[in-house]
Amino acid sequence: MKYLLLCLMMFLFLKGYTATTDPVVVKFEGKTAEKKWAVKDLNPNLPANWSSYGFLTFELKSSTTQRFDLNLYDSTGVRRLSILPFQGAWIRLSIPLVFFQKRNTKGMDLAAIGKTARPGYWIGFSGAIGTINKIDSLGVAMKLPIGSPTLEIRNMSLTMDSRDTILGPVPLVDQFGQWIPADWPGKANSLKELQAAWNKEDKTLKAGDFKVSGYGGFLGVKEKATGYFRVEQVEGRWWFVDPDGYLFYSTGATGIAPRAEFSRVSGREYIFTALPPTEELYARSQPVDSRGSARNNAGYSFYTWNLFRRFGPEWYRKWMDFTIRRMDNWGLNTIANWSDVTLEGSHRKAYVATLRGWGIETGLMGMPDVYAPGYTKSVEDAAARQCASLKDDPYLLGYFIGNEPAWPNREFELVNEILKGEATPMQAALKKYLESGDTPERRKAFVYDTYALFINTVNTAIKKYDPNHLNLGLRFGGSVSDEIIKASKGFDVFSFNSYGYTLNQNLMKRIYALTGLPMIIGEFHFGVPGRGMAPGLAQTVNQHERGVAYRYYVENAAANPAIIGTHWFQWMDQPSTGRNDGENYNIGFVDVTDRPYTELIEAAKETFKRIYTVHSGKEQPVTRQAIVQ
């Protein structure tokens, strides 16, 4: 009844809605395209001083999911946010003006601190901030537009109204979780079509002829077998060595799980043709994370509902079996980060584990309060609890201890947050530290000393309770300073999430020069705008070119003697309506209907066939780069 009432209210609202101005239309063409207006041309009543208002409010319809920059031009410089809109729908945006004036400091990692979700779009914080009391013009800009996309903009105003709305046409999402306003080859029109595609894949899926051990190592050269994964430098090149002693290069995908990030539904029920059931799906499988966190099953996952449609009541067990078959065929030997814990523990593939409990989630900008009484004891308790069931597992590749901390390169902001926040042991330690001199250099030094204490405490606890497995590091993102890299020598492997069309080899050389450690790429991906989804952090022009990009990235990374693994982010597409922070990327090996992207998968197979010889230096990596526009 509540859902029907909401739909009725939205229908009446849309029926009575009329635009007060004709839209301006922008077409993006070229490498970087921008359209700029004097604010008076958008609305004669707009003042130059925006500081007393709360929101920039307007209506927008975008033909693409590609991000665009929204630029405000103040007399002292530009203020910038990135906007990632829904595709093919009119939406009402009320953008908080504070985002143009102050950088966000709330969030434990780069994903949390760098964006915020809204009903029909999401906002990325670009960092171009400043005053907004002398605004003379406004612009929209897009990098590498694909297919001459357009924006329609109308009813620009300044308000105190925070409401964001999806105006229509609705619904936008069909019964399978597909985006209605978009079309593409192979879009499912019926359950019968899906079943035919699923059956075809099931009949043709066979293990690849990759000549690998039971753990995924390359048969042939054999080093000492220790019963666990380790790292070793062989003829000047670093490798993982699997428990049987075979050389191992880790290729995998993150988020291999039967539960995609849930579609954000509350308040937007009217945009869905039908919602998946929940109890029927989750009652049969309630895995609990052995690292101390129960999986949250409360939400709507079209991907899970499609798995139930595909496999029936025993969908969870059948999904696990089928996933291993796929990995055997696709050339993926590692279950990477954020994946299903039951699948990880099935002893069928190498996997990584992310440990928690260090205070990152509750710390400022991801920095835990290491000065709090009992911090070392709490870290040891967390390590003991999580390692107990894992320390004897030969399939465990190693531990990640965190993900993309938000504070690197923002050390001064972290110090300011500590000083202006509530009284804490870390604040007291900082104030005492600055008594000997409050300079920019000493403020940075405090942050680096705090990080070193944190890392040493965690690393020591893990080795105490699990001497058998590798510490794979913190999965840094963006860039990191020499001080941070030097303080991270206690890792066994240095991990880095590196998004781009090729690996940042200069950064890798700097890390290796400072640490001497082998390295693993914890995340990278390529996406395509369309199907109601954004292209992610590195786009290509179509699905075929996504496969080309995969091969170029992975093989050129593997050619580096210190790189020993590359993990794709992620297994399935994100929901077209966005996960909790708004991300809605077309970055999966499979789509929402559990059908594989064959172009990407064929590329992954071909690269895995060559990965041993490329990493050995016996064969050159591919040279063909992807077309991105």
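The values are calculated or read from the model by the stated rules, or taken from the named source; none is laboratory data. Since the model is a prediction, treat every value here as computed from it, not as a measurement. Please note: Cβ atoms are built from the backbone with ideal geometry, for glycine as well, and neighbour counts cover all protein chains shown.
Can you tell me how many residues within segment 151-184 are over 26 Å from Thr273 (Cβ atoms) and either assigned to a strand (DSSP E or B) or not charged (D, E, K, R) (or both)?
10
Examine segment 98-114 for a residue that is under 19 Å from Glu152 (Cα atoms) and touching a helix residue (DSSP H, G or I) at 6+ places or on another chain (Cβ under 8 Å), and state whether such a residue exists.
No, that holds for no residue.
Every residue, every condition in (1) aromatic (Phe, Trp, Tyr); (2) at pLDDT below 95; (3) not assigned by TED's automatic domain parsing to the domain that holds Asp392, yes or no:
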{"site": "Gln195", "(1), (2), (3)": "no, no, yes"}
{"site": "Asn199", "(1), (2), (3)": "no, no, yes"}
{"site": "Val241", "(1), (2), (3)": "no, no, no"}
{"site": "Phe262", "(1), (2), (3)": "yes, yes, no"}
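Does segment 484-501 contain any residue that is more than 29 Å from Leu343 (Cα to Cα), surrounded by 22 or more Cβ atoms within 10 Å (Cβ to Cβ), touching a residue at least 60 places away in the same chain (Cβ under 8 Å) and not assigned by TED's automatic domain parsing to the domain that holds Lys61?
Yes; the residues of segment 484-501 include at least one that is more than 29 Å from Leu343 (Cα to Cα), surrounded by 22 or more Cβ atoms within 10 Å (Cβ to Cβ), touching a residue at least 60 places away in the same chain (Cβ under 8 Å) and not assigned by TED's automatic domain parsing to the domain that holds Lys61.
In segment 196-229, what residues are in contact (Cβ under 8 Å) with a residue 24 or more places away in the chain, farther than 16 Å from Arg610 by Cα and not in a loop (DSSP other than H, G, I, E, B)?
Ala197, Trp198, Glu201, Asp202, Lys222, listed by residue number.
Hey, Phe491 hits all of (1) part of a loop (DSSP other than H, G, I, E, B); (2) touching a Ser or Thr at 6+ places or on another chain (Cβ under 7 Å) but one; which does it fall short on?
Among (1) part of a loop (DSSP other than H, G, I, E, B); (2) touching a Ser or Thr at 6+ places or on another chain (Cβ under 7 Å), Phe491 violates only (2).
Look at Asn459 and say whether it is of a type in the set (S, T, N, Q) and closer than 23 Å to Trp338 by Cβ. Quick ask: steps written out before the conclusion?
Numbers: of a type in the set (S, T, N, Q): yes; closer than 23 Å to Trp338 by Cβ: yes.
It is true that Asn459 is of a type in the set (S, T, N, Q) and closer than 23 Å to Trp338 by Cβ.
Is it the case that segment 3-13 has a residue that's modelled with pLDDT under 95 and closer than 19 Å to Asn155 by Cα?
Yes: one or more hits.
Select from segment 103-116 the residues that are farther than 12 Å from Ser82 by Cα and surrounded by fewer than 21 Cβ atoms within 10 Å (Cβ to Cβ) and list them in ascending order.
Those that are farther than 12 Å from Ser82 by Cα and surrounded by fewer than 21 Cβ atoms within 10 Å (Cβ to Cβ): Arg103, Asn104, Thr105, Lys106, Gly107, Asp109, Leu110, Ala111, Ala112.
For segment 383-407: of the residues being out of contact with any Leu (no Cβ under 9 Å at 6 or more places or on another chain) and not polar (S, T, N, Q), which is surrounded by the most Cβ atoms within 10 Å (Cβ to Cβ)?
Residues of segment 383-407 out of contact with any Leu (no Cβ under 9 Å at 6 or more places or on another chain): 384-385, 388-389, 391-395.
Those still in the list that are not polar (S, T, N, Q) too: 384-385, 388, 391-395.
Values: Ala384: 15, Arg385: 15, Ala388: 12, Lys391: 16, Asp392: 13, Asp393: 18, Pro394: 17, Tyr395: 22.
In this case the residue turns out to be Tyr395.
Need a quick list: helices (runs of 4 or more DSSP H) entirely within segment 359-443 having at least 3 residues that are in contact with a strand residue (DSSP E or B) (Cβ under 7 Å, 6 or more places away or on another chain), modelled with pLDDT of 95 or more and assigned by TED's automatic domain parsing to the domain that holds Asn471.
Because the criterion is at least 3 residues that are in contact with a strand residue (DSSP E or B) (Cβ under 7 Å, 6 or more places away or on another chain), modelled with pLDDT of 95 or more and assigned by TED's automatic domain parsing to the domain that holds Asn471, the helices (runs of 4 or more DSSP H) in segment 359-443 that meet it are 411-420.
Mind listing whichever residues of segment 320-338 are crowded, with 21+ Cβ neighbours inside 10 Å and within 15 Å of Tyr303 (Cα to Cα)?
Thr323
Just one of Gly245, Gly236, Gly255 is at positive phi, touching a Phe, Trp or Tyr at 6+ places or on another chain (Cβ under 7 Å) and at pLDDT 95 or above; which is it?
After applying the criteria, what remains is Gly255.
Select from segment 248-278 the residues that are over 30 Å from Lys224 (Cβ atoms) and of a type in the set (Phe, Trp, Tyr) and write down the one among them that is surrounded by the fewest Cβ atoms within 10 Å (Cβ to Cβ).
It comes out as Tyr270.
Here are some residues: Arg610, Arg624. Which one is touching a residue at least 40 places away in the same chain (Cβ under 8 Å), outside the structural domain of Thr254 (by TED's automatic domain parsing) and not aliphatic (A, V, I, L, M)?
Arg624
Let's see how each residue does on (1) surrounded by 24 or more Cβ atoms within 10 Å (Cβ to Cβ); (2) part of a loop (DSSP other than H, G, I, E, B); (3) over 20 Å from the mean Cα position of the chain (by Cα):
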position: Tyr550; (1), (2), (3): yes, no, no
position: Tyr553; (1), (2), (3): yes, no, no
position: Asn560; (1), (2), (3): no, yes, yes
position: Gly565; (1), (2), (3): yes, no, no
position: Gln570; (1), (2), (3): yes, yes, no
position: Pro575; (1), (2), (3): yes, yes, no
position: Arg579; (1), (2), (3): no, yes, no
position: Glu583; (1), (2), (3): no, yes, no
position: Val592; (1), (2), (3): yes, yes, no
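How many of the residues in segment 536-548 are in contact with a Ser or Thr (Cβ under 7 Å, 6 or more places away or on another chain) and part of a loop (DSSP other than H, G, I, E, B)? Don't jump to the end; show me each part of the working.
Step one: filter segment 536-548 for residues in contact with a Ser or Thr (Cβ under 7 Å, 6 or more places away or on another chain), giving 546.
Subsequent filtering for residues that are part of a loop (DSSP other than H, G, I, E, B) retains none.
Of the residues in that region, 0 qualify.
For segment 126-134, indicate whether the set of residues that are modelled with pLDDT of 95 or more, in a strand (DSSP E or B) and over 29 Å from Ile360 (Cβ atoms) is non-empty.
no
I'd like to check something: does segment 185-192 contain any residue that is outside the structural domain of Gly536 (by TED's automatic domain parsing), within 28 Å of the chain's Cα centre (by Cα), exposed (fewer than 15 other Cβ atoms within 10 Å of the Cβ) and not in a strand (DSSP E or B)?
Among the residues of segment 185-192, at least one is outside the structural domain of Gly536 (by TED's automatic domain parsing), within 28 Å of the chain's Cα centre (by Cα), exposed (fewer than 15 other Cβ atoms within 10 Å of the Cβ) and not in a strand (DSSP E or B), which makes the answer yes.
So which of Thr457, Thr424 is free of Cβ contacts under 8 Å to residues at least 60 places away in the same chain and either among the charged types (D, E, K, R) or surrounded by 15 or more Cβ atoms within 10 Å (Cβ to Cβ) (or both)?
Thr424 is the lone residue from the list that is free of Cβ contacts under 8 Å to residues at least 60 places away in the same chain and either among the charged types (D, E, K, R) or surrounded by 15 or more Cβ atoms within 10 Å (Cβ to Cβ) (or both).
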